[in-house]
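The values are calculated or read from the model by the stated rules, or taken from the named source; none is laboratory data. Small disclaimer: the values here were computed from a predicted structure and weren't measured. Neighbour counts are summed over all protein chains in view; Cβ atoms, including those assigned to glycine, are modelled from backbone coordinates with ideal geometry.
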Amino acid sequence: MFGLDIYIEKSQLPTLSEGEYYWEDLIGLEVITKAGVKLGKVSSLVDTGSNNVLIVNGKKEHWVPYIEPFLVSVDMDKKQILVDWDEGF
């Protein structure tokens, strides 16, 4: 059968190692560049086949690769993701 959705409680998911996050937990986090520029908030993520990409919506949409060296840090307490990204790109 196709077209079925399967649901589970979040508590049934495996506990992740430090520095690992479920995509759902990243959605809504504010994305800031190392220069202090606020790019916007994560609206979704995309698996491109080679790496995951944060879709960040602010004044414009940014597609930021969710890999080093672009991903600097994730701070769940501050609800922020720090990236090394050019705001004009």
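Some notes on this structure:
- Qualifying residue in the range 62-71 (condition: over 23 Å from residue 89 (Cβ atoms) and touching a strand residue (DSSP E or B) at 6+ places or on another chain (Cβ under 8 Å)): no
- Output for the range 1-41, where each listed residue is of a type in the set (Ser, Thr, Tyr), modelled with pLDDT under 95 and not in a loop (DSSP other than H, G, I, E, B): 11
- Condition check for residue 49: touching a residue at least 24 places away in the same chain (Cβ under 8 Å), loosely packed, with under 10 Cβ neighbours inside 10 Å, outside any strand (DSSP E or B) and at positive phi: no
- Among the residues making up the range 61-81, those that are assigned to a strand (DSSP E or B) and surrounded by fewer than 17 Cβ atoms within 10 Å (Cβ to Cβ) are 61, 63, 65, 72, 73, 75, 80.
- In the range 1-40, the residue that is nearest to the chain's Cα centre (by Cα) out of those that are surrounded by fewer than 11 Cβ atoms within 10 Å (Cβ to Cβ) and aromatic (Phe, Trp, Tyr) is 7.
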